[in-house]
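Working notes, structure below.
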Amino acid sequence: MREYLAKRIIIAMGVLFVVAALNFIIFQVMWAGDPTSTILNPDFTLEQKQMLLESWGLLEPLHIRFIKYLQNMFTWRFGVSFQSRMPVITELSWRLPNTILLLGTATIGTIILGISVGVFAGSRRGSKADVFSLGVGLFADGVPTFFVQMIFLLFFSYLFFLWFGFQFFPSRHMTSVPKPTDPIVYMADVAWHLAQPALSLIIAGFGGWALYVRNLIIDALTQDYMVTARAKGLSERTLLYRHAFRSILPPISTIITLSIPAIVTGAMITEYIFTWPGIGSWYIAALNANDYPVVQAVLFIYAVLVIICNLIADFLYGVLDPRIRVGVRR
C-alpha cells in the first residue's frame, strides 16, 4: 500500500504542475481580455495604461511571468487582485469561510438525505414507497438547481411578503443590514439567511445521491452471501445495515471525498442568485473583470483539492475494502 500511495503522490505532483502551467497559459497567453478595460477611465492616456500594466508585471517577458506565477501559486500568495488592489489571499481568507458554511451545510444535508432515501427505497424494492422515492429522486435530479432556487425565492420571499407583509426567508445577503451586534442574534441572523440557499441546494441535489445509493443497496441485497446470511436466520435489519450498507461504504466514501472540492469553489450560481459573499460570486466577478490573479487562484485551489481528494479516496478505498489491499500486495 505504501508503494502504491507513493506512486500516486508522484503522479499527482506531475498532474498538479501540468494543471498549473495550463492555468497560466489560458489566462496570460490565450486570454484576449484586457484587465485594464474594466478599471481605467476611458480618458486615460496610453502611457498611463502602460504604467498600470507595468506595475502588474504584465509587460515582463513570458518566462519571467511564469516563474513569478509558479512562486505565487505554490507559496499560496496568489498575487494581487487587479480590481481591489489587495492581495488575493486576503480576500480569499474572509470569503472562504462563507462558502464553506453554505456549501458545507448543503453538502452534509444532501448526503444525509440522499443516503437515507436511497437506503429506504432500496430495502423496499418494488413497493409503493420505493416507487414514490424513485419518482421524487428522478424529479429532484432532473430539475436544474437555479430553477429550484427561483421557486424558493418566489414563494418564501416575494409571495410570502405580499401575502403576510414579511419574508419567510431573506432573499439576499448573508446578514441583515445593519449587522446585529449581539453574537447570539448575529448567529441566528446568519442561520436565517443561510436557510433558503442551503435548503434549495439540498432539495436540488439529494435526488442523484438517492438513486445511486438505491442501486447500490439493491445490488448488495441480491448477492449470494446475502442469500446465505438470510438462510441462516439473520434479521432483515441486520442484513441491511451490518452487511449490505457496510459493503457499499467504499464507493460512497469515494463520492463523498470527491465532492469536497465543490465545497471550496462554491456553487457559483447559488452565490450569485442569493448575493452570498463567497468564492463563487467572487470568481464570476473576476471573470467578468479579467482579474487573472483571482481566477487563477480559485482554479489552482480547486485543482489541488481534486488531486488531494483523489489520493484520500484511493486510501479510504484500500482501508474499507480489504480486496484492494490484497490486490496491491500481489
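List the helices (runs of 4 or more DSSP H) inside region 94-180, counting only whole elements, that have at least 1 residues being surrounded by fewer than 16 Cβ atoms within 10 Å (Cβ to Cβ), over 26 Å from the mean Cα position of the chain (by Cα) and not acidic (Asp, Glu). Break it down into steps so the answer makes sense when it comes.
Details: elements: 128-142, 145-152, 160-164.
Passing ranges, in order: 128-142, 160-164.
Say we look at region 181-194 and pick out the residues that are within 26 Å of residue 269 (Cβ to Cβ) and not hydrophobic (A, V, I, L, M, F, W, C); which of these is surrounded by the most Cβ atoms within 10 Å (Cβ to Cβ)?
Looking at the filtered set, the residue picked out is 193.
Scan region 1-33 residue by residue and report those that are under 20 Å from residue 297 (Cβ atoms) and modelled with pLDDT under 65.
Here is the first cut: in region 1-33, the residues under 20 Å from residue 297 (Cβ atoms) are 12-13, 15-31, 33.
Passing the criteria: 30, 31, 33.
Let me confirm something: among 82, 78, which residue is in contact with a strand residue (DSSP E or B) (Cβ under 9 Å, 6 or more places away or on another chain) and outside any strand (DSSP E or B)?
Exactly one residue qualifies, and that residue is 78.
Got at least one residue in region 105-122 being farther than 30 Å from residue 200 by Cβ and small (Gly, Ala, Ser)?
Checking region 105-122: not a single residue is farther than 30 Å from residue 200 by Cβ and small (Gly, Ala, Ser).
Take the conditions in a helix (DSSP H, G or I), within 30 Å of residue 85 (Cβ to Cβ) and either of a type outside the set (Ser, Thr, Tyr) or in contact with a strand residue (DSSP E or B) (Cβ under 6 Å, 6 or more places away or on another chain) (or both) and apply them to residue 227. Does it pass?
Judged against the criteria, residue 227 is not a match.
I'm trying to understand the selection: among the residues of region 214-230, which are over 36 Å from the mean Cα position of the chain (by Cα) and either loosely packed, with under 15 Cβ neighbours inside 10 Å or within 13 Å of residue 119 (Cα to Cα) (or both)?
224, 225, 227, 228
Please tell me if residue 321 is surrounded by 21 or more Cβ atoms within 10 Å (Cβ to Cβ) and modelled with pLDDT under 85.
In short, no.
Determine the pairs where a residue that is in contact (Cβ under 8 Å) with a residue 60 or more places away in the chain, located within region 159-184, has a partner that is surrounded by 10 or more Cβ atoms within 10 Å (Cβ to Cβ) and in a helix (DSSP H, G or I) with Cβ atoms under 7 Å apart, the partner being 6 or more residues away or on another chain.
Listed by first residue and then by second, the contacts come to 171/153; 171/157; 173/193; 174/98; 174/190; 174/193.
Which pairs have Cβ atoms under 7 Å, sit 6 or more apart or on different chains, and link a residue in region 77-91 that is within 11 Å of residue 296 (Cα to Cα) to one that is in a loop (DSSP other than H, G, I, E, B) and among the small types (Gly, Ala, Ser)?
Partner pairs satisfying both residue conditions: 88/79; 88/81.
The values are calculated or read from the model by the stated rules, or taken from the named source; none is laboratory data. Every value quoted in this text rests on a predicted model; they were computed, and no experiment measured them. Positions of Cβ are backbone-derived with ideal geometry, glycine not excepted, and every protein chain shown enters the neighbour counts.
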